[in-house]
Structure formats: C-alpha cells, structure tokens
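The values are calculated or read from the model by the stated rules, or taken from the named source; none is laboratory data. In this text, all values refer to a predicted model and were calculated from it rather than measured experimentally. Glycine also receives a Cβ, built like all others from the backbone with ideal geometry; neighbour counts cover every protein chain displayed.
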Amino acid sequence: MNICKDGNYSMARPGNKIIQAKLVLLGDMGAGKTSLALRFVKGQFFLNQEPTIGAAFFTQILSLSEATVKFDIWDTAGQERYHSLAPMYYRGAAAAIVVYDISNIDSFVRAKKWVQELQRHGSQKLVMALVANKSDLEPKRKVETEEGEQYAQENGMFYMETSAKTAENINELFYEIAKRLARAFPPKPTGMKLNSGVQERGRKFFCCST
C-alpha cells in the first residue's frame with residue numbers, strides 16, 4: 001500500500017486503473033471524525049480538535065496493486081443543527097465511514113441512526129464501515145467490541161476499531177475501503193472496440209462519484 005501525501009498521482013502504479021471515490025464521514029459530535037481524517041491525510045493529531053462546522057473536505061490517494069484510489073473525503077459536522085445538510089454530502093458517495101466513540105454509548109446509538117439513514121437514501125453499492133474510535137480509551141469503554149461487530153455484520157458493514165491519537169488501524173481502515181472499491185469496479189475487457197470513456201495511453205479512468 002502506498003499513500004500519496006502531495007495530492008497528485010506520482011505514486012500511481014503504471015497501467016493501474018484509477019478510481020475517484022467520494023467518501024463521507026458520519027457520526028456524533030466528538031466521535032473523532034475529523035481526527036481520523038487528519039491522521040490519514042496529514043499524519044496529524046490534535047488533542048483539542050475544534051468541532052467541524054458544516055463539513056470539511058480532504059483528498060488522499062492510495063496506490064494498491066489492483067487500482068489507484070483517489071479519495072474525496074467529506075467530513076460532516078456532528079451537531080444536530082447540521083443534520084439536514086448531511087444528504088448533500090453523502091449523496092453519490094461510493095463509501096461511508098460511520099464513527100462512534102467506544103467510551104460514549106450515546107454516540108453508538110447515534111451511529112445506528114446514521115446507518116439506517118444511509119440504508120434508506122444511500123447507494124445500494126455503498127461500501128460502509130462501522131468504526132469504533134478512541135480505542136486508546138479502553139479503560140473507559142462503554143460499547144463492547146462484540147456489540148459493534150454484531151451490528152456491523154447484521155447491516156452488511158465491516159467493523160474496525162481505531163485510534164486517531166495513536167494512529168491504530170487508521171491506514172488499515174482506508175486501505176480496506178480502497179480494496180473493496182477496487183473489487184466493486186473491476187477492469188473492463190481490453191480490445192480494439194472504441195467507446196466514449198476517457199482514455200490516456202491505454203488507461204481508462206473510472207469514476208464512482210458525482
């Protein structure tokens with residue numbers, strides 16, 4: 001797995017298909033959505049992270065053996081007053097990360113509501129991850145691992161425990177999403193047939209966001 005830090009395709013593997021994927025982060029205020037994004041994109045962590053207002057936008061690139069995935073990451077605000085704006089960000093998303101804080105049972109309840117909303121209004125092909133964040137707060141855990149795993153399994157999601165503070169499983173989380181997107185958008189057969197797709201030196205660009 002290669003992570004490109006400078007926002008370009010310099011680390012893309014020659015001949016790889018390129019997938020541009022809109023990814024949305026959803027969850028309660030204080031669950032750590034922004035911290036997850038900052039740790040993945042910039043390798044940064046701030047103990048007193050300011051709440052997101054409306055939404056924040058990040059980009060990051062992962063180069064896999066099977067594809068190069070360019071993430072357009074929308075980090076949504078967790079405050080209730082911004083809830084009505086959320087559909088604008090998850091509409092057309094290829095992947096969604098629903099985040100809760102393992103030390104806050106209310107954030108887990110809120111995460112379930114986001115899952116239900118995505119199931120009603122999101123794409124049927126949406127790659128969904130349920131993320132139990134702040135694993136560094138194990139002594140204060142209120143939501144058991146088994147409870148999160150069971151809910152994820154029942155709702156067709158994959159489950160992962162992370163810590164933006166220690167960087168535990170952050171890259172692994174996005175790598176797993178990238179792998180699932182690569183499987184969802186397999187390469188098309190090659191040949192002499194011409195089509196309307198954009199091509200550059202025999203490489204075709206696939207986009208799964210709008």
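Brief remarks follow.
- The range 132-168 - residue that is assigned to a helix (DSSP H, G or I) and free of Cβ contacts under 8 Å to residues at least 24 places away in the same chain and, of those, farthest from residue 180 (Cα to Cα): 139
- Identity of the residue in the range 111-146, under 18 Å from the mean Cα position of the chain (by Cα), among the basic types (Lys, Arg) and surrounded by fewer than 22 Cβ atoms within 10 Å (Cβ to Cβ), that ends up modelled with the lowest pLDDT: 125
- Every condition in (1) touching a residue at least 12 places away in the same chain (Cβ under 8 Å); (2) out of contact with any Cys (no Cβ under 7 Å at 6 or more places or on another chain) holds for residue 120 except the one numbered (1).
- In summary, residue 3 fulfils each of the numbered conditions (1) surrounded by fewer than 21 Cβ atoms within 10 Å (Cβ to Cβ); (2) part of a strand (DSSP E or B); (3) modelled with pLDDT of 80 or more with the single exception of condition (3).
- Cβ pairs under 6 Å, 6+ apart, first in the range 68-97 and acidic (Asp, Glu), second modelled with pLDDT of 90 or more and surrounded by 20 or more Cβ atoms within 10 Å (Cβ to Cβ): 72/22; 75/25; 75/33; 75/34; 75/37
- When 61, 53, 73, 19 are checked against the criterion of being loosely packed, with under 14 Cβ neighbours inside 10 Å, out of contact with any His (no Cβ under 8 Å at 6 or more places or on another chain) and either assigned to a loop (DSSP other than H, G, I, E, B) or modelled with pLDDT of 70 or more (or both), 53 stands alone in meeting it.
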